[in-house]
Structure formats: C-alpha cells, structure tokens
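Below: the structure, in structure tokens.
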Amino acid sequence: MNPTVGIAVILTVLQVAHCQMIKDLSACLLGQSLRVDCRYENKTSNPLTYEFSITKDNRKHVIHSTISVSENIYRSRANVTMHKNLVCLYLQSFTNSDEGVYTCELKATNDYTGNQIKNITVIKDKLEKCAGFSLLIQNTSWLLLLLLSLPLLQAVDFVSL
C-alpha cells in the first residue's frame, strides 16, 4: 500500500470516529449565579464525561467534573445539568474573584480521538443576563407545543365572544 494512501485512510477514520464536537460555549448571569452553557454535537450514544475549570493567575482550578476531582472551594457552589446536546455549569454566588478563563472539556466514552476543549473569558461587569426564554429553546418540544397550540387558543377566544 502506498504510504500516502495509508495516511489518508487513517486521517479519514479518525475524523469519522470523532464522537462529539463542542459547537458553542457561552456565559451569562442568572440572578447571582454564573451559568456557562457548553453546546455540543454528539454522534454516539456512549456516555459523555465533562470537566468545567477556570484558569486564574496561570493556574487551573477544576470547578465540576466527571473526569477529575473538583476543588473544595467550588464543590459546594457548583452544579451541572445535562440536557440533549447541552451541559450547563451553574456557579452560585458569583463574584469578581470568580472571573477568569472558563473551560469546558468533553469526552465520550471509547472516543480515542481526544477531548474536545473550548474556552471563554468571563468578566462579571461584561456578562449579560440569561435570557428568560433560553430554557424553552433548550427543550424545543415545549416551544413546538406552544406554537402548535396558538391557533387553538385563538379559536377558544373567538368562541367565547
């Protein structure tokens, strides 16, 4: 086999084997809490592991993780929720001392192509408030149900007149 063809085949297999890809990382304020949304595309049913960390003063601090151990200073203030293609970090009592570069790291079980990593710089005074309708967008079935029920609600109003 030609070595060039062999390398091309290996690269193609690695690209196809890639099980997840982080599409977007965003941050916003939800009351006094920081919310970091890590949206991803998952091409496998294998379990997903994650790690949220912050880099401050050139030192990495693990906030919440299924990959490694979280640091004590964040353990009681942080929790993570997972929805379809979305992992959300909530950090309670967010202050200026929590500013830094936040990292979302994802890895699907048995994905040997490596972890997916994305960073976002978080500065409290520059954060926007989380949108009120973002929870509906995360679960599009609620949004679809609402849109489909609007004509029915209008018909009920018309009949009651």
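The values are calculated or read from the model by the stated rules, or taken from the named source; none is laboratory data. As the structure is a prediction and not an experimental result, all values here were calculated from the model. SASA here: full protein model, heavy atoms, side chains in, ligands and nucleic acids out. Shrake-Rupley method; radii C 1.70, N 1.55, O 1.52, S 1.80 Å.
Quick rundown of the values:
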item	result
Full-stretch length increase - residue 109, residue 28 - with 0.36 nm per residue and alpha-carbon distance subtracted	26.2 nm
Heavy-atom accessible area ranking, 1.4 Å probe, most first, across 51, 128, 71	128, 71, 51
Over 23 Å between alpha carbons, listed pairs 23/129; 56/84; 43/124; 43/118; 84/126; 56/126	56/84; 43/124; 84/126
Accessible area, probe 1.4 Å, largest first, for residues 121, 44, 95	121, 95, 44
